[in-house]
């Protein structure tokens, strides 16, 4: 039996052997006692090779193995490297003091250590470090979306054995891609703009390699049109190859069903469309295979998943995919259960609040690209959001680039008329200011007490209620359910709105008015009736959304009142040339979506967007918070600076701050 000393030396032998060259250069000789059995073996560097194979039984993944010859036998280096990742000698990049002929001793077993030049092993290690932590008994498995790892290997002229499809994909992900057969959307009843053709070609690239992606164009740039063109082109290719023509499934908010139905009928009438909606929808599931395009909603997805997952779809599309930004919801879990060859997310706002939302949508369409949510938080979300790590932000942007297509209006739709953003600040005085100040002091005290007692996270309901009351005072004190609020009787913003509306109507403007509060819409509706101004209204209680939309679009009425939640997406209201945000929302992306009901393809007039903000109130502070949220989305999707996103006590104190 070996002595305790011998066992200790064997366990640390790699460390001492790695130091031997440096010690020798300083005249120090390393002696190994006779009773300690340590064998050093030189690796045959010329036999270092990366072997890649498509994973059996796991479509969309590949197995990766790194091996070297040792004493005539093939030895896997991956588990050895995984154990050695913490060695300072393997640090990336190499230390400035590292010798050109430096070697590393990697422990094979209790007695044998493999000696291999550091420069050689580091070239292989660099692209794999992120993945070695996931090594298990199955070996190292990567999603095909990470085939760029192979391109890194090829760039360094490393020995690589892999299927041609994967090496082609690895280069394609680096931008070296030419379509085998350019897409031909036969039957498309529309002329695509250049950027829309580029979008169809990008979708064709994803289809060629069986990849998912996120189509993240600005609202109004025709994402639906591009997807319809892609479906037509894919159907033509599949028919030419003799492939089975599997239907495509589109999941969307309920409000978008009429839009998809009408656009498919108008622009792709040859597609056979089936809508799974209503109480009798279960009778239609057997007909899915006889259709090209199947439409359903997020509200029904988790209820119908047992029936839907019996069918094999060629493509699953998730429109307004930010609805799935919480991966733990029933809808998000059901979306992952669908059987589809590929998945595509459509959203103008892939990031609304934090990077975790981006992970949820990316993992839905490209499983494994960023590992688990915890992996993503450790590697990207925390460094970017909390430490403003620019290097990690750039890495994330580069990783996403092949799979996220995002164009904004200023880049690609030069012919689209301008959108002018105007903030109108309104002073509140007298009784309304007194009410605001009394509530601000009382609510801030209540929030501080709650945080002191329960902590910040457990106080969210109290915080939101306090901020809600302050926002309601700004809109109209009549919204606040307190006796003292009823005594105020005036609203500076409401009076300003009435005067502003009259001026705009005299100029011949067509106006959309958004508010988060349906009770505020009730008050504005009463004002319009009193002034004999024709209007229409859309909110969560609207049964047939097409009726108010048609009324406004046809020119029958000049004003449309819309609740932000019910009408912020899925509407085409290009008859409007003016948008009024009666009350600002925390999330600027939601406000931009609402504005883009008017500022979208088909608009032939400049659009003016007015935000009504009560000066020196919580609404002013909301605008400051908005800019931080917008910066995060821009930084990740378009490249830019990064700012922290957490709602901490300092931010809360700013929201409840006294007048300046």
key: For the chain: relative contact order, % (alpha-carbon pairs under 8 angstrom, 6 or more apart)   = 11
request  = Determine the distance separating the Cα centre of the stretch 454-499 from the Cα centre of the stretch 305-353; give it in Å without decimals.
outcome  = 37
ask   = Using the 10 angstrom Cβ neighbour count as an exposure proxy, how do 459, 551 rank, fewest first?
value = 551, 459
query = Going by a ≥ b ≥ c, the root eigenvalues of the Cα gyration tensor, does the stretch 409-463 fall in the rounded group (a/c under 1.5), the prolate group (a/b larger than b/c) or the oblate group?
reply = oblate
Fewest-first ranking of 184, 292, using other Cβ atoms within 10 Å as the exposure measure = 184, 292
remark   = Bridge orientation stat for the chain from DSSP, antiparallel percent rounded to 5, came to 30
key: Prolate/oblate/rounded label for the stretch 182-275 (Cα gyration tensor, a/c 1.5)   = rounded
Percent of C-alpha pairs per 5 Å bin, the stretch 419-655, short to long = 1, 6, 13, 16, 18, 16, 13, 9, 5, 2, 0, 0
Computed [θ] at 222 nm, helices only, for the chain once each DSSP H run of length n ≥ 4 contributes -39500 (n - 2.57) = -13000 deg cm²/dmol
note = Fewest to most Cβ atoms within 10 Å: 543, 453, 469, 446 sort as 543, 453, 446, 469
message = What are the extents of the Cα atoms of the stretch 194-412 along their three principal axes, in Å, largest first?
response = 53, 39, 32
ask   = In percent, what relative contact order does the stretch 194-412 have, based on Cα pairs under 8 Å that are 6 or more apart in sequence?
value = 26
remark   = With a ≥ b ≥ c from the Cα gyration tensor eigenvalues, square-rooted, and the rule rounded for a/c under 1.5, otherwise prolate when a/b > b/c and oblate otherwise, the stretch 400-494 is oblate
note = Cα-based Rg and Dmax for the stretch 280-387, in Å, come out at 15.3, 54
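Only the coordinates and a few stated rules stand behind these numbers; no lab work does. Note that the structure is predicted; figures quoted are calculated from it, not measured. Using ideal geometry, Cβ is built from the backbone for each residue, glycine included, and neighbour counts are taken over all protein chains shown.
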